[in-house]
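Notes follow the structure.
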Amino acid sequence: MSTEIRKMPFMGAQGSISDKTLLIHHDKLYAGYAKKKDEIQEKLAEFNSDGLEKANQTHSDLRGLKDGETFAVNGTYLHEWYFENLGGDGNVAGEIAEALASAYGNVEKFVETFTACGMAARGWVVLAWDTHDKALRIYTGDAHNHGGVWGAIPLLVLDVYEHAYFIDFGSDRKAYIEEFFRHLNWKAVEQRYILAKG
């Protein structure tokens, strides 16, 4: 089954994340991960007994495909959540605001902590609902398939790879993160939160 390339929920929002950046990010990078995800999963479906018998941890076709699968699948999903986060007015309210205030003292402290994690990560920063702890947690990852926690459901996803901001902000990652929060669609985050904790 082919992955449907999801459309971005907005374009041309006022602010410093340009249409050019968003189009390259969405139409080339994200779409590329989605296509590779499908390609890898098709190859995995074709594996026969001979290929399965040759599997080992040092090097095998199965090992290479399974490693590539987690990279491509997470690259697809993380980008979809990232783009779904954009296009809002940056105003947080409702259950998610209350939950962030409870977990971090106030929303401003959450934003400060999330921003610092975005400065520290090499690839992704994710606010997640940790189903094991039944709590909000911020996790970071240096690659799509590195740093994720099993049982944690992403709610708010920020791409901090340079391709997400370098055209518009140069090396000023903090300015990019601030702009991200100005255009954050908190309603999408809240919907994920309500589904995840339920």
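Check Lys35, Lys66, Lys43 and return the single one that is part of a helix (DSSP H, G or I), more than 16 Å from the chain's Cα centre (by Cα) and touching a residue at least 24 places away in the same chain (Cβ under 8 Å). I'd like the intermediate steps shown before the answer.
Numbers: Lys66 fails: touching a residue at least 24 places away in the same chain (Cβ under 8 Å); Lys43 fails: touching a residue at least 24 places away in the same chain (Cβ under 8 Å).
Just one listed residue meets the conditions, Lys35.
Which is open to solvent by 30 Å² or more (accessible area, probe 1.4 Å) and either more than 28 Å from Thr3 (Cα to Cα) or not in a loop (DSSP other than H, G, I, E, B) (or both), of Val92, Val73? Give the steps one after another, and end with the answer.
Values: Val73 fails: open to solvent by 30 Å² or more (accessible area, probe 1.4 Å).
The match here is Val92.
When the residues of the range 128-144 are narrowed to those that are surrounded by fewer than 18 Cβ atoms within 10 Å (Cβ to Cβ) and under 12 Å from the mean Cα position of the chain (by Cα), which ends up farthest from Ile17 (Cα to Cα)?
Restricting attention to the range 128-144, the residues satisfying the condition of being surrounded by fewer than 18 Cβ atoms within 10 Å (Cβ to Cβ) are 130-135, 137, 139, 142-143.
In the following step, the residues that additionally are under 12 Å from the mean Cα position of the chain (by Cα) were identified as 139, 142-143.
Numbers: Tyr139: 24, Asp142: 22, Ala143: 22 Å.
This residue is Tyr139.
Identify all residues within the range 19-31 that are open to solvent by 30 Å² or more (accessible area, probe 1.4 Å) and either closer than 20 Å to Gly68 by Cα or touching a residue at least 24 places away in the same chain (Cβ under 8 Å) (or both); write none if there are none.
Taking the range 19-31 as the starting set, the residues that turn out to be open to solvent by 30 Å² or more (accessible area, probe 1.4 Å) are 19-20, 23-24, 27-29.
The answer is Lys20, Ile24, Lys28, Leu29.
Go through (1) open to solvent by 40 Å² or more (accessible area, probe 1.4 Å); (2) part of a helix (DSSP H, G or I) one by one and return the number of the condition Ala101 breaks.
(1)
Filter the range 46-61 down to residues that are assigned to a loop (DSSP other than H, G, I, E, B) and open to solvent by 80 Å² or more (accessible area, probe 1.4 Å) and give me whichever is nearest to Val73 (Cα to Cα).
Filtering the range 46-61 for residues assigned to a loop (DSSP other than H, G, I, E, B) gives 46-48, 54-60.
Still in the running and open to solvent by 80 Å² or more (accessible area, probe 1.4 Å): 46, 48, 54, 57-59.
Details: Glu46: 18, Asn48: 22, Lys54: 24, Gln57: 21, Thr58: 22, His59: 21 Å.
Per the criteria, the residue is Glu46.
Has the range 172-193 got at least one residue that is in contact (Cβ under 8 Å) with a residue 40 or more places away in the chain, assigned to a strand (DSSP E or B) and under 22 Å from Ala101 (Cβ atoms)?
yes
Pick from the range 159-178 the residues that are out of contact with any Ser or Thr (no Cβ under 9 Å at 6 or more places or on another chain) and under 29 Å from Thr131 (Cα atoms): which of them is surrounded by the fewest Cβ atoms within 10 Å (Cβ to Cβ)? Quick ask: steps written out before the conclusion?
Within the range 159-178, the subset out of contact with any Ser or Thr (no Cβ under 9 Å at 6 or more places or on another chain) is 159, 161, 170-173.
Filter again for under 29 Å from Thr131 (Cα atoms), leaving 159, 161.
Details: Asp159: 24, Tyr161: 16.
In this case the residue turns out to be Tyr161.
Applying the selection to the range 179-191, what residues are crowded, with 22+ Cβ neighbours inside 10 Å and not aromatic (Phe, Trp, Tyr)? Steps first, answer last, please.
Step one: filter the range 179-191 for residues crowded, with 22+ Cβ neighbours inside 10 Å, giving 180, 186, 189.
The one that is crowded, with 22+ Cβ neighbours inside 10 Å and not aromatic (Phe, Trp, Tyr): Val189.
The values are calculated or read from the model by the stated rules, or taken from the named source; none is laboratory data. This is a predicted model, so every value here is computed, not measured. Here Cβ is always computed from backbone atoms with ideal geometry, including for glycine, and neighbour counts include all displayed protein chains. Surface areas here come from the heavy atoms of the whole protein model, side chains and all, with no ligands, DNA or RNA. Shrake-Rupley method; radii C 1.70, N 1.55, O 1.52, S 1.80 Å.
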